[in-house]
Structure formats: C-alpha cells, structure tokens
1. All but one of (1) within 30 Å of B:SER383 (Cβ to Cβ); (2) touching a residue at least 12 places away in the same chain (Cβ under 8 Å); (3) not acidic (Asp, Glu) hold for A:SER394; state the number of the condition that does not hold.
2. Of everything in segment B:343-369 that's assigned to a loop (DSSP other than H, G, I, E, B) and in contact with a Gly (Cβ under 9 Å, 6 or more places away or on another chain), which residue is farthest from the other protein chains (Cβ to nearest Cβ)?
3. Tell me which of these B:SER81 doesn't satisfy, since it passes every other one: (1) of a type in the set (Gly, Ala, Ser); (2) away from every other protein chain (no Cβ under 14 Å); (3) over 13 Å from B:GLY111 (Cβ atoms).
4. From the list A:PRO61, A:PRO23, which one is away from every other protein chain (no Cβ under 14 Å), in contact with a Pro (Cβ under 7 Å, 6 or more places away or on another chain) and farther than 18 Å from A:MET173 by Cα?
5. What is the one condition in (1) within 25 Å of B:LYS260 (Cα to Cα); (2) free of Cβ contacts under 8 Å to residues at least 60 places away in the same chain that B:THR150 does not satisfy?
6. Can you find a residue that is under 28 Å from A:LYS63 (Cα atoms), surrounded by 15 or more Cβ atoms within 10 Å (Cβ to Cβ) and under 21 Å from the mean Cα position of the chain (by Cα) anywhere in segment A:109-124?
7. Tally up the residues in segment A:134-157 that are touching a helix residue (DSSP H, G or I) at 6+ places or on another chain (Cβ under 7 Å) and not polar (S, T, N, Q), please.
8. Could you check A:ASP86 against (1) touching a Ser or Thr at 6+ places or on another chain (Cβ under 6 Å); (2) within 14 Å of chain B (Cβ to nearest Cβ); (3) in a helix (DSSP H, G or I) and say which number it fails?
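The values are calculated or read from the model by the stated rules, or taken from the named source; none is laboratory data. Keep in mind that what you see is a predicted model, and the values were worked out from it rather than measured. As a convention, Cβ positions derive from the backbone with ideal geometry for all residues, glycine included, and neighbour counts pool all protein chains shown.
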There are 2 protein chains.
Amino acid sequence: MQEFWLPQGFRWSGHHCGLKSDPEKPDYSLIVSDREAVVAGVYTQNLVCAAPVVLCRERTPGKRARAIVTNSGNANACTGSRGMNDAKQMAEDVASQLSIDASQVLVMSTGIIGEFLPMGKLTAASLRGVETLASDIAAFDDAANAILTTDKGPKTAGCIVNTSQGDVRIATMAKGAGMIGPNMATMLAAITTDAHLTPEDAQAILKEAVDKSFNCISVEGHTSTNDTVILLANGAANEAPLSGEDLVRFAAEIENTLIKLAKQIPDDGEGATHLIDIVVKGASSVPDAKQIAETIGSSNLVKTCITGNDPNWGRIASAAGYAGVPFDIAGFKLWLNGVLIFDGGEPCEFDAAAVSISMAESRCVYIEVGLQEGTEEARIWTSDLTTDYVVFNSDYHT
Amino acid sequence: MQEFWLPQGFRWSGHHCGLKSDPEKPDYSLIVSDREAVVAGVYTQNLVCAAPVVLCRERTPGKRARAIVTNSGNANACTGSRGMNDAKQMAEDVASQLSIDASQVLVMSTGIIGEFLPMGKLTAASLRGVETLASDIAAFDDAANAILTTDKGPKTAGCIVNTSQGDVRIATMAKGAGMIGPNMATMLAAITTDAHLTPEDAQAILKEAVDKSFNCISVEGHTSTNDTVILLANGAANEAPLSGEDLVRFAAEIENTLIKLAKQIPDDGEGATHLIDIVVKGASSVPDAKQIAETIGSSNLVKTCITGNDPNWGRIASAAGYAGVPFDIAGFKLWLNGVLIFDGGEPCEFDAAAVSISMAESRCVYIEVGLQEGTEEARIWTSDLTTDYVVFNSDYHT
C-alpha cells in the first residue's frame, strides 16, 4: 500500500547488519532519492560531537545529495580520527553501490559512545541496503525502525501540502527516547519531501521548524554528541522552487509535522508514564518564557511528583523561582491540569484528590504558568521520571 | 559529656511538637546564646522564597541575636501574608519565653511547601523548647536531629581554633538530602562559635565559606525556597574581635568545617549509593571550571551510570561538551577513579571491568576533567540517582 503522503522519487530500506545483538532489531537504514536533492541540516551544539556530525556539517546545505545512511547501536562518537575515517567509509560504501559520489551521501549514527564501528559489517550492509530499496510504506517503515535505539516504537509523521504547482508531500522519521535535551539530543530525524526548494530556503525552513519542535523537547536535559536533523527535498513534484504563499504554507506544514514528530520523543521517554506539556505565558520575552518552562521541565522533583500523580505544586513554583528569570511573585499564577493552584504568592484552595485523579487518568499532564511581565510565551514537552528510567540507564553499557 | 569543640555560652534543645506524624521524630529545634551574639546569614537565591527567609534577611547581619528556632516538616513557603505572620509569631513565642526582643530571634523552616503552619503546636513547642535547653552534647545532638526532614541521619561538624587570645570553638549542624542545587537548596545550617567577631567579618567569612562548601554540592540541581545558613558568634571565648592572622586562621577553619558538613549532604542524597566527587582542572576561569563540573554532576545519565558502577564515560564527555564553556577537544582528558579514559578526542584502552569494580567497592567515585585552556579549577560533590530516589520523591506528598 502506498501511503498518500509518501513523497515521489524516494526509496527506503532497513535491515539488521549485526550492530545490535538482537537479530530481530534492524540497525542499518537507508534513504535514497532517485534524483539529486537539495539538502539542509541542523546539528547538536555539543562540543564533543560525533564523526558523522562533523561529516554532515561539511555537506549541508547543498543541492546534489542522493542518500542518507544511518546506523543504530553505535554512535561513532569520541572515536577520534579512526571514527572520522569510518564515517567517510560508510558514505563511500553506499556511494559505490549507487555509483554516485561519496559527497552526495549523508551519515547519521546513534548508540553507545566511545566504541569503534565494525566496518566489515557496515560495508556488507551497504550492499543489502541498496538491494532491498523500495518506494512503498513497508520500506519506509523498515527505514524508520532501523534508526531506533531505546525507543519503544518508530516515530513518523507525514502530510500533503497543496501548492499552486500541485501537491507536494512530506514524510518524516525520528528516533530518540533518552539523552534528550532542549538543544537537541540523541535525536536523529530524516525529512524527505518531493517539493522543489532552493538550498537557502530549505536550510532556513528547517532551522526555524527545529527551533519550534525538537528544540522544545527534553527527557533529561542532556544534549547528545550525535543530534542530527537532515532534510532532503528532491523536487520530483514541481518544476520551479516553491515561493511566496506556497513557500509559507510549506514551511508551516514542515513545522507542524516536526512538532507532531518531536512530541513522540518525550512521550516515549525511557520509562516515561506521562508526557508533560509546559506553557509559560506573560513573559517579557520568548527566551525568558522558555527558560522558565525548561527549568520546570528539567527538575527531577517536578518529574517525580508527576510520576506519582501528586499535585505537589510547591516544587513547580520553586523551580520557576530559580530559573534565573526575574519576575514579580505578585503576578505569578500556576495551573495544573487546568486548575488554578497558586496565585500571587498565596496558595489557592483546590481539590487535590480530584487533580491527582485527573493526572492519573491522562497520559499528558498540563502545567501552565502565568506571569504579568509581558505578552510573550513558550511551550515545551518533556517526560516524567520513573524507576524504569533509572534501572534502564544504570544497566545500559556493561 | 561535654564535646571539646562545643562553644561556650550556648544551649540547645530539640523535641517533637507534632508537625511530623511520627512521634519519634523531633521537629522543633532551638539554639540559644546566653549573651547577645553577632549574626550573619546567607540565603536561597530562589525568587519564590519562604517567609522565614524573608524574615531572616531583614535581621542579618547584626550583633544582638540571641536564638535560632527551626521547625521541620513544614517549609512555610508559598504561604503568603499568613505565612509571614506565622514566621514572626514563631520568633515572638521564643522571645517571650526568653524575655528578649523578637527581633533577636532567627527562624528557619523546612518541609512541605504550600501548607500553613499549625501555630498552636508551635507556640506550645516554644515553652518546652526553652525549658529543655542544655549546654551538653546530648542537647546539641537533639537540636541537630530536630532540623532533619528526609535525611537518614544528623549532619554535624566541629573544631577548635587556636588564636592569640586562646582557643575558640566552632560547632555546626546542617540538614538536607534532596532538592539540593548548586546555589543552596532545602539546606539549612546553623553555625555557632564562641569567637568574638565584628558583624562585617562574620558576614564576609560566612559568605566566602558557603561559596566553597554549600554552593559546591548538588543532589538534583533544584535550588529550594528555604535555604538558610546562619552563623552566631557570641564572643564568650575572647574579649576583642579576632583580627589579623587569628581571623585568617578562623576563616579557614570555618571553611574547612563547612566543607566537611556540606559533603555529608550529597553523601546522604535521597537513595544515593555513591558520593560523586568532580574536579575540573586547566580551565581559563573558576566559573568555567565550575560550570563544566556542575553540568556533569547534574546529568541524570552520568548519575545513573555511576549508580550501575558502569564506566560509561561517553556520557561524562558528552555532558562536558554541552556545558556551554568553549574548550579545545584536543586538550581534553578524562579520568574515572584515577584511570585515564579519554585523551584528546581519542578513547584510551583501559580495563573497564577493573574500573567498574573500583566504583562498586567505594562509596565515593572520582571524576576528573583536564583541559588546556588555563590554570583554574573547581570541585563539586553530588550524589548518584537510584530507583529509591524516584520511589521516594514520587510518594512524598499525597
């Protein structure tokens, strides 16, 4: 079955090549555009960044890209010059199978840091990866599954955008469940579209959409070594680059789709039992609002009281208070799942048992902070903190 | 038995007045100087601060203080104007029993945020608190026990300082096991000394010592509403204020004693199985070094790999890389329990099993980062993150 939003002119594959010990888990993913595509990229801000990130930074933005190869199970990070050679080799292997130039291939890696890639397995994988490429939804799903690490399931989103040149399609996939910080994380995403874009528009649209989506989520505030978001726009759907209202509509749909995709990450946070949706309104600037939202969202004390469906709002007020953003407590309001709980320095009377039940009964818990400093606002999404997270992360490596 | 470092001219008491449900757990603590004492204070930087913090800020530094009253089990934070009146009443109750002025009493509170104090119990407690005051070590221990909340045990430290005017004594107590951030936390400390100090020297010495001790610890990076450190210096041991070399030696001993006291807090971090000691050397400034150390120390991924005795050093390198401090990766070195693990962007060969055993066998795990940016360094202490922490904090309030 051809999913209606799958873009034209792309093929996908995903299979197990032996990086993960479980043979049922795919670990090698390939996305190929049948024609040269405009490519844009946004990357981790971590100084300690992985070899594939260094490589992709050199290759984006551009207009002759043909493929994205991704391995999971090994991050190829902190691997020095040998790691750089290995990342280049991954691109060369794919290029050789497709008879294209290695510089036309982007590389993403995710998994354990500090171990070298088993290059024999990866070279063999490039052969099978190219042989099994297909343009249907099953192949897309295979590719989306093969980029996962600790995720419970694949994360995809897609849409169709109507333009004056006809429909263009957007299909996106992401991975990420831990080491997720507000400036990207062990988070990989590949965005494919058959829209025709200029490299400059592609890069600008991607940057803006990432700011509103992936840069608004966190699991534990840890910005990883490998974060990468790559957009491939192959122009199969329309002759001339999108412009004017078409471009605005396309950019808005990219943003909406990436928000849909990004929210799936904290919702699948390692061991998470709640998605936490935090809105701060009435700030004097967007960065101020975001700083308060992120400080609340990265507090283990806030996360754990939400795990316990405990309306222990003092922890939320306290986190807002140490965010480093000045505000007048007299204008401070706090709502939990829509119930006003703290107003102008005074606690409100509320039915704690009812709020606790509303928390227990919904996957998503809503925290809203109202200030009277201005009219700006920001919104972030994060996950709660459970014993499963700790068990999982204290038993990952050895 | 009179402990040798107990200062002269102080009396202590601690008993259960009914704020905690367990009648075995004391929750009302009193420290009284028999003469007027110089007083200094350092407080939380949280904008959302508790009523007793507002009160103490007005009353320090000063030179006529007589008492510190502390309740545990209720933070009297986010309680508005009624909370302010209650904090003042706590001071008035004690003042009335001692026939002194209410402004001579300092107040500290710790516990749940957002609930009003049961003032009837606290007024009754002031009577029994004053009646049971004594100058021996048992009374000191009673007072130190009565300020605890989730702590597993009391935290005390003391010493004698030899001066040209004879010996002076320092006795300190603290509480804190959770909500501990690098800029103080739900952390209370009372420092008593029979040294004679000027108010200016007392405040300067306290500020400097807190920067080197309590401001270098964290459990989960949450700066609480109630952090308070009060120093009472009653001058019972010497006629003239300490000065010159005496003052320098005294300040150094205050700092050493507070470091000893502060380290007991993350070591008793809620559910903690390891104390983590993080040193960053070779930075271009102390704030840079501290920023990297704190970013490593507040990473849940670092904490959990230490919980699991897992030398998963990539998480440490990655945390250093997103600390927001620029450094050259070529000059970056990382040691775990003394073993060099990552050097100049390349992983080192090391015996992971042996490092894991060394982590499992010691309460304290040492992380050292070496940079080549300069000659400045910083050191912080934190705790690991266990399932017990999550269980405990998701089941605290309701």
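1. The failed condition is (2).
2. The residue in question is B:GLY344.
3. The one condition B:SER81 does not meet is (2).
4. Criteria check complete, one pass: A:PRO61.
5. (2)
6. The answer is yes, given that some residue of segment A:109-124 is under 28 Å from A:LYS63 (Cα atoms), surrounded by 15 or more Cβ atoms within 10 Å (Cβ to Cβ) and under 21 Å from the mean Cα position of the chain (by Cα).
7. Count: 3.
8. Exception for A:ASP86: condition (1).
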